[in-house]
Amino acid sequence: MAEFDALKAKLPGEDTGIEIKHSICAICSPAPHCGLTCYVKDGKVIKVEGWDEHPDSKGALCTKGLSNREYLYRKDRLLYPMRRTGERGEGKFERITWEEAYAEIAEKLNGIKAQYGADKVAFYSGYNKWYRSMLARFAHSFGSQSYGTEHSSCFASGLMAWQCATGMEMGMNVMTKLFIGWAANGYYSMYRLPKGIEKLKKLTGLKYIVVDPRITPASARFADLHLRPRLGTDGALALTIANQLIQNGWIDKEYIDKYVHGFEQYAESVKDYTLEKGEELTGVPAADIRKAVEMIRDAETMSISESSAPLAHHHNGMQNYRCIMSLLAITGNIGTPGGQYPSEGTFSERTTGYDTHEREFMFETYPEHADKAVGADVHPLWYELRRDMQANDLAQNILNQDEHSIKALYAHGMNYRMFAEDGKVLEAFRKLDFFVDVDLFMTDSAKWADIILPCCTSMERSEFKGYPGCYIMYTKPVVEPLGESKRDVDIITELANVMGIDDPVLCSGYENAVKYIFRDLPVDLDEVMKNDGFTKIEGVGVKSSEWYMEHGWRTPTGKIELYSEIIGAHPEWGLDPLPTYTPPVNPDPEKYPFMLCSGARMPHVIHSRLHGSPWERSLMPDPMVEINPEDCRKLGIDMYDDVEIVTSIGSLTFKANPTNTVSEGQLFVYHGYPERDINSIIPYRELCDPYSGYPAYRSVYCNIRKA
Ligand SMILES: Nc1nc2c(c(=O)[nH]1)N[C@H]1C(S)=C(S)[C@@H](COP(=O)(O)OP(=O)(O)OC[C@H]3O[C@@H](n4cnc5c(=O)[nH]c(N)nc54)[C@H](O)[C@@H]3O)O[C@H]1N2
Ligand SMILES: Nc1nc2c(c(=O)[nH]1)N[C@H]1C(S)=C(S)[C@@H](COP(=O)(O)OP(=O)(O)OC[C@H]3O[C@@H](n4cnc5c(=O)[nH]c(N)nc54)[C@H](O)[C@@H]3O)O[C@H]1N2
Ligand SMILES: [Mo]
C-alpha cells in the first residue's frame, strides 16, 4: 500500500523506481531556458517541475515549461527519416533509413551546386537557437551566403539600431532610477522579469513608465505612468519627448559634446515635434507626454527595455528603436552607471559574461564571392549589418524564377506561417527543386518537404548552455531520443561528412566545434562534460561600457551616432541616417478604418508550438479578436459573435472578445492558430520596414464586420 502511494505521488526512490534527472526547457527563447527537474521511470518522463538549484531560473517554470512532458510525447512527433511519395503538401511519405536520407540529400544539394552554384541553396532556421552556429557554418562552408533565421522577423531589428548607434548590440539595465517598459508586458512574454521589477520598485523606488496601446498586467501593476500611443506611432512619441527635452535644455550637453555624433542635425530634425503634433500623431494626450518628459528630466538615470518584436513589426520598426534610443543618448544614459550598457550575445545568443570565438566560427568560411544573400538587393542595410539572408524575401526570390533564384531549401524548424503573406511561401515551396525540413513534429510545413528528418528535444540530448554570471553547462539526456530522432547538430555534422564538405572543424562534430569556439577560455570542456551541474568560468570578462566610453565605440566616428555614418555613406539606399518617423501605410483609409495588431504574446503558447498540446490549447481554445466595446456597439457585435477581419489581401473570421483593454479603432489578434492563420491576410512587401525587411504584423490597416 505504502509503495503504491509513493508511486502515485511520484516520489523518487528505489522502491518506486523513479529517478530525478535535470535538463533545460528549450520551448521559448534562449534568454530564460529555465532549469527542469524531470521525474523519470522506465525510461519515460512522468513529471516535470522547476529545478531549484539552477543558477538562472532558481526553480521557476511557466505554463509552457510545465508542459514539457506533453511536448516531448506529442502524438505528431517525427520518429524516422521520411521521403515524400505524394504531391508537395499532401502529407504522403515513406519511411527511409538515415543512410538513404543523407545520400539523397547529398546527391541533390551537390547536384544543384554543380549545375547552378552553391549559392542557389538556402539554409534556414526557425525559432530555435542552440544549433545555429553549426548551421550557419554548414551553409557558408557549402558555399552559400543565404543562411537565414527567424531573426528576419525578431530581435535583430533592435540589434541593427544599436549597431548603427554604437556598433554593439542591445542590453538593458534595470538597476536604474527610471525604467521605460516600451512595448513591454513581461508577465506574458518574459515571466521572470516582472517579479524582479516589483521587487526593485519596493527596494529602490524605481520609477516605471509603460508605453503600450493596451492595458496590460504590467501597466496595471507597476506603471507610474502609462502612455497609450496608437500602434506603430512610437517613433513620433519618442521624437516629441526628445524635442521637449531639447527645447527646455533638459539634456546632458557635456555628454553630448564628448560622446555623441550628429546632435545638431538631430535637434534640427525634431524641432517640429511640438506637444500638439505629438498628440495628433500618436493619440497620447499632450499632458501625458509632458508628464513623461518631466519624469525623464527628474530622473538621475534611465534605461529602456528592448522589445524584440512589438516595436519592430511596423513600417517604421527599426527607426522606432533609433528614435527611442536617441532619448538615452541625449540624456547621457548610454554606457554610464545606471544607464544602458550596450552588450553582445557571446555564446548561443546569450550574454554570458565571457567572450568566445562563436562569430568567427560562423563567419570564417563565409563565401564572399558567392551571390549575395537573398534580400541583400531589397534590404541593403539588413545585409550590411547582418550578412544573413532576409528570410522574408525568400518567397519572392524563388517566385522570380530568374538567375538569382534559390533552387533548394535546407531547413531546421521551418514554419511557413510565421511569414506575412504566407500563401506566397507555399507557392514558392511548390517551385523548389528540393526541400529538406528537420523538425520535432509533422508540421504543416514539413508536409511540403521532399525529405523530413526527425530531431529530438532538449530532454533527449546534450548541449552546451551558457548563462550570465560566467556559467557553462553541458546538459545530459534524461531519456533516450524517441524513435530514430537525433540532435540537430549531429544531423548537420553527419550530412556535412556525407556531402564531402571540406571543413574539418565542422565535420569533427558539435562538441569539438564548441571546444574550438571556447579555445581561449580557462575552462576544460571535457571536465564540463563530466559535470552534472554548472561550471563557473573564473577570471574572465568582456570589455565594459566604460572601456568603450574611453576608447571609442565601434562606429565609423567612434562616438554614439545619432547620425548614422553607415547609412549616410549610402544615399542610394534611400534610408535616413537620422532617427525619423513615418506613419504606418494605409492603402485605402476609406476601406480600412481599423488598425490590427497581430501577435502580442499569450502566456501559455508560443508561435506554432503549443497550440497542438491539449493542455495549453484548453486555456484559450478559440482564436479571438480583442475589440473595444464602443466599436462593438457601433457595429452591433456581441461577445463571442463571429466577426470577419478584412485586409487588402483577404479576410478571416474570429470570435469577438469585447474589452476595454484595447482602444477604439484598434484590434488585437493572436497568431499561431493553424485554423485561423492571421499571416495569410497580412500583406508583406508594401507594409514592411525598408530598413530591416521586417513585416508590419502589428500595424495593418483593416476593417471588421459581423460575419
Ligand atoms: N503575425 C505574426 N507573426 C509573427 C510574429 C508576430 O508577432 N505576429 N512574431 C514573429 C516572431 S517575433 C517570431 S520569433 C517568429 C517565430 O516563428 P517560428 O520560428 O516559426 O517559431 P515556432 O513556430 O516556435 O518554431 C518553428 C519550428 O521549429 C520547430 N522546432 C522546435 N524545436 C526544435 C528543435 O530543437 N529543432 C528543430 N529542428 N526544430 C524545432 C517547431 O516544431 C516549429 O515547427 O514568428 C514571427 N511571426
Ligand atoms: N508566453 C510567451 N512568451 C514569449 C513568446 C510567446 O509566443 N509566448 N514569444 C517570444 C518571442 S519570439 C518574442 S519576440 C517575445 C516578444 O515579447 P514582447 O517584446 O514582450 O512582445 P509582446 O508580448 O508581443 O508585446 C508586448 C506589448 O507590446 C504591445 N504592443 C504591440 N504593438 C505595439 C506598438 O506598436 N507600440 C507599443 N508601444 N506597444 C505595442 C502589446 O500590446 C504588448 O502588451 O516574447 C517571447 N516570449
Ligand atoms: Mo520573436
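So here's what we get for this one:
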{"read-out": "Range of Cα positions in the stretch 18-72 per principal axis (Å), largest first", "value": "32, 22, 15"}
{"read-out": "Neighbour-limited loop hits for GluC sites (Glu not before Pro), the stretch 1-90 (at most 14 other Cβ within 10 Å; DSSP other than H, G, I, E, B)", "value": "14, 53, 87, 90"}
{"read-out": "Stretch gain in nm, segment residue 516-residue 360, where the contour uses 0.36 nm per residue and the Cα spacing is subtracted", "value": "55.1 nm"}
{"read-out": "Percentage of interatomic Cα-Cα distances in the chain larger than 34 Å", "value": "47"}
{"read-out": "Heavy-atom accessible area order for 162, 130, largest first, 1.4 Å probe", "value": "130, 162"}
{"read-out": "For the stretch 574-592 and the stretch 616-641, distance of Cα centres in Å", "value": "29"}
{"read-out": "Integer Hz, Karplus 6.51/-1.76/1.60 couplings in order for the stretch 160-167, x for Gly and Pro", "value": "4, 4, 5, 4, 4, 7, 10, x"}
{"read-out": "Pairwise label distance in nanometres, residue 9 with residue 661, each label 7 Å out on the Cα-Cβ vector", "value": "3.8"}
{"read-out": "Spin-label proximity, residue 377 to the stretch 118-143 - amide N less than 15 Å from point 7 Å beyond Cα toward beta carbon", "value": "120"}
{"read-out": "When the stretch 459-534 is reduced to its Cα atoms, the Kirkwood hydrodynamic radius in Å", "value": "13.8"}
{"read-out": "Solvent exposure of the chain as accessible area per residue, Å², 1.4 Å probe", "value": "38"}
{"read-out": "Eligible lysines near residue 113 by straight Cα distance, threshold 24 Å, same-chain separation 8 or greater", "value": "372, 407, 431"}
{"read-out": "Fraction of antiparallel bridges per DSSP, the chain only, in percent to nearest 5", "value": "55"}
{"read-out": "Solvent exposure ordering (accessible area, 1.4 Å, most first) of 257, 371", "value": "257, 371"}
{"read-out": "Percent antiparallel among DSSP beta bridges (both partners in the stretch 594-706, rounded to 5)", "value": "65"}
{"read-out": "For the stretch 290-308 versus the stretch 75-153, the gap between their alpha-carbon centres in whole angstrom", "value": "46"}
{"read-out": "Where a label projected 7 Å from the Cα of residue 546 along Cα→Cβ would reach, residues of the stretch 340-365 with amide N under 19 Å", "value": "340-344, 353-355"}
{"read-out": "Equivalent-ellipsoid semi-axes of the stretch 517-560, from the Cα gyration tensor, Å, largest first", "value": "34, 11, 8"}
{"read-out": "Contour excess over end-to-end distance, with Cα ends at residue 570 and residue 287 and 0.36 nm allotted per residue", "value": "97.9 nm"}
{"read-out": "Debye equation applied to the C-alpha atoms of the stretch 100-249, log10 I(q)/I(0) at 0.14, 0.16 Å⁻¹", "value": "-0.86, -1.00"}
{"read-out": "Unsatisfied cross-links (Cα-Cα over 26 Å) in the set 465/530; 207/258; 108/515", "value": "207/258; 108/515"}
{"read-out": "Efficiency of FRET between residue 276 and residue 527 - r from beta-carbon atoms, R0 60 angstrom, step 0.05", "value": "0.40"}
{"read-out": "Unit charges at the beta carbon, dipole of the chain: most positive-side option, 97, 517, 352", "value": "352"}
{"read-out": "Lys, Arg +1 and Asp, Glu -1 on Cβ, resulting dipole of the chain about Cα centre, debye, nearest 20", "value": "1440"}
{"read-out": "Proximal charge balance of residue 593 [Cβ under 14 Å; K/R count +1, D/E count -1]", "value": "-1"}
{"read-out": "Probe 1.4 Å, all protein chains present, accessible-area order of 526, 56, largest first", "value": "526, 56"}
{"read-out": "The stretch 594-706 shape via C-alpha gyration tensor axes, a/c threshold 1.5", "value": "oblate"}
{"read-out": "The chain, helix-only ellipticity at 222 nm - DSSP H runs n ≥ 4, -39,500 (n - 2.57), divided by all residues, nearest 500", "value": "-8500 deg cm²/dmol"}
{"read-out": "Förster-model FRET efficiency, 22 Å R0, residue 651 and residue 444, C-beta, rounded to 0.05", "value": "0.60"}
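The values are calculated or read from the model by the stated rules, or taken from the named source; none is laboratory data. Quick caveat, the model's predicted, so the values are computed rather than measured. Cβ: placed from backbone, ideal geometry, glycine included. Neighbour counts: every protein chain shown. Ligands, DNA and RNA are stripped out before the accessible areas are found, and what is left, the full protein with its side chains, is counted by its heavy atoms. Shrake-Rupley method; radii C 1.70, N 1.55, O 1.52, S 1.80 Å.
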